[in-house]
Amino acid sequence: MSLSDFIKINKNEISNFQQNGFRWEKYNRTSVISIPDFNDLIKNNNFQEELNREIIIDAFNENDYYKAFVLAMMWGGINATRPSEKGNKLTTNFYKSLIDGKESISNKMERIVKLVNANEIEKVYLSMMPENENQIQGIGESYYTKLFYFISCNSNEIKIKPLIYDKWTKLIHIGLLIEANEIDLLCKFYKINDLKSKILSPQKTDIIYPKNDKKTDSYIDYITRMNVIADDNKLNVGNLEAYLFGNPLKGKVNKSIANPRVFIKNYVCKNLILND
């Protein structure tokens, strides 16, 4: 079965799809609680136990950019327990992202919002890369593209809705390129060795990154394809991505092809043939 057929067969389910919420309370017990701005945010807001997309969209709609940033990071499961320097809890990704403080994050977020709303997707993507104007320490494309997506949910003026570009949505992108028989383009975006070692292994899927000089091209190609598919099938593109993202590979049901994540992984492994 092709990805296009899989989407058509599950069209009604995609239309009505509601992603499960994500529990955030673990962040209340980590080193980030020692950061005053974060501590104040938690104490002054009665957040429900599970964060869903609507809560984050509402925060952006209220122009509360620090709150929106923090919620998006927690919703996405940002690392707050595994430090990059062994034994140093102040080197987790979440801690590093928050240490600059509310004012700095809010100012960067305001610039990011303006760029997304102006359809400057390539420019905003580049602006968040290392050493650039809107870089926020500790977060890479898997997380800053979450911000792009949530910002876009409050605008009807964005031509191509930006989406989340993480481990599992990159697998979707790879599947779409395979289905379109654009293997040459796939290999322009990603290193062949990475595709073989990180994607084609039946036992696991590791995060893969586009080549350094193809990061924006790869991202824009992905979101363009997804927007076209959504329009062709009269689907909300956010719903489409959330559905195809699938469920964590826990339990017998989630390891079956009923889980879109499993279906796409199997499709890629079966159909991607790479020459040395």
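The values are calculated or read from the model by the stated rules, or taken from the named source; none is laboratory data. Bear in mind the structure is a predicted one, so any value in this text is a computation, not a measurement. Using ideal geometry, Cβ is built from the backbone for each residue, glycine included, and neighbour counts are taken over all protein chains shown. For accessibility, only protein heavy atoms count, side chains too; no ligands or nucleic acids. Shrake-Rupley method; radii C 1.70, N 1.55, O 1.52, S 1.80 Å.
Going by what's in this entry, would Asp100 be described as assigned to a helix (DSSP H, G or I) and open to solvent by 50 Å² or more (accessible area, probe 1.4 Å)?
Working: assigned to a helix (DSSP H, G or I): no; open to solvent by 50 Å² or more (accessible area, probe 1.4 Å): yes.
Against the criterion (assigned to a helix (DSSP H, G or I) and open to solvent by 50 Å² or more (accessible area, probe 1.4 Å)), Asp100 does not qualify.
Does segment 1-31 hold any residues that are modelled with pLDDT under 95, among the aliphatic types (A, V, I, L, M) and open to solvent by less than 30 Å² (accessible area, probe 1.4 Å), and which are they?
Leu3
Considering every residue within segment 32-50, establish whether at least one is in contact (Cβ under 8 Å) with a residue 40 or more places away in the chain, of a type in the set (S, T, N, Q) and closer than 25 Å to Ser152 by Cβ.
Scanning segment 32-50 turns up no residue that is in contact (Cβ under 8 Å) with a residue 40 or more places away in the chain, of a type in the set (S, T, N, Q) and closer than 25 Å to Ser152 by Cβ.
Can you run down the residue pairs with Cβ atoms below 6 Å, 6 or more apart or on separate chains, where the first is in segment 115-127 and under 14 Å from Ile160 (Cβ atoms) and the partner is modelled with pLDDT of 95 or more and open to solvent by 60 Å² or more (accessible area, probe 1.4 Å)?
Between residues of segment 115-127 that are under 14 Å from Ile160 (Cβ atoms) and residues that are modelled with pLDDT of 95 or more and open to solvent by 60 Å² or more (accessible area, probe 1.4 Å), the close pairs are Leu115/Lys123.
Of the numbered conditions (1) in contact with a Pro (Cβ under 8 Å, 6 or more places away or on another chain); (2) farther than 20 Å from Val237 by Cβ, Lys214 fails exactly one; give the number of that condition.
Just one mismatch for Lys214, condition (1).
Could you list, in sequence order, the residues of segment 103-114 that are open to solvent by less than 10 Å² (accessible area, probe 1.4 Å) and free of Cβ contacts under 8 Å to residues at least 40 places away in the same chain? Before the answer, list the steps.
In the first step, residues of segment 103-114 are kept if they are open to solvent by less than 10 Å² (accessible area, probe 1.4 Å); the result is 105, 109, 112.
Answer for segment 103-114, where residues must be open to solvent by less than 10 Å² (accessible area, probe 1.4 Å) and free of Cβ contacts under 8 Å to residues at least 40 places away in the same chain: just Ile112.
Anything in segment 84-97 that is open to solvent by less than 60 Å² (accessible area, probe 1.4 Å) and touching a residue at least 12 places away in the same chain (Cβ under 8 Å)? List them, or say none.
Scanning segment 84-97 gives Thr92, Asn93, Phe94, Tyr95, Ser97.
Every residue, every condition in (1) basic (Lys, Arg); (2) within 24 Å of Phe17 (Cα to Cα), yes or no:
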residue: Ser197; (1), (2): no, no
residue: Pro202; (1), (2): no, no
residue: Asn227; (1), (2): no, yes
residue: Leu235; (1), (2): no, yes
residue: Gly238; (1), (2): no, yes
residue: Lys255; (1), (2): yes, yes
residue: Val262; (1), (2): no, yes
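Among the residues of segment 118-136, write down those that are in a loop (DSSP other than H, G, I, E, B) and more than 17 Å from the chain's Cα centre (by Cα). Give the derivation first.
Going through segment 118-136, the residues in a loop (DSSP other than H, G, I, E, B) turn out to be 118-120, 128-136.
Ala118, Asn119, Glu120, Pro130, Glu131, Asn132, Glu133, Asn134 - these are the residues of segment 118-136 that are in a loop (DSSP other than H, G, I, E, B) and more than 17 Å from the chain's Cα centre (by Cα).
Would you confirm, using the coordinates I've provided, whether Ser34 is open to solvent by less than 60 Å² (accessible area, probe 1.4 Å) and on the phi < 0 side of the Ramachandran plot? Lay out the reasoning, then the answer.
Working: open to solvent by less than 60 Å² (accessible area, probe 1.4 Å): no; on the phi < 0 side of the Ramachandran plot: yes.
Judged against the criteria, Ser34 is not a match.
For segment 46-59, enumerate the residues that are touching a helix residue (DSSP H, G or I) at 6+ places or on another chain (Cβ under 8 Å) and surrounded by fewer than 13 Cβ atoms within 10 Å (Cβ to Cβ).
Correct list: Gln48, Glu49.
For segment 130-158, how many residues are open to solvent by 20 Å² or more (accessible area, probe 1.4 Å) and under 18 Å from Asp213 (Cα atoms)?
Number of matching residues: 5.
Would you list the helices (runs of 4 or more DSSP H) that sit entirely within segment 162-276 and hold 3 or more residues that are in contact (Cβ under 8 Å) with a residue 12 or more places away in the chain and open to solvent by less than 50 Å² (accessible area, probe 1.4 Å)?
Working: elements: 167-179, 183-189, 215-232, 237-245, 251-254, 260-271.
The helices (runs of 4 or more DSSP H) meeting that bar are 167-179, 183-189, 215-232, 237-245, 260-271.
Can you tell me which of (1) farther than 30 Å from Ile33 by Cβ; (2) charged (D, E, K, R); (3) assigned to a helix (DSSP H, G or I) is the one Lys159 doesn't meet?
Answer for Lys159: the failing condition is (3).
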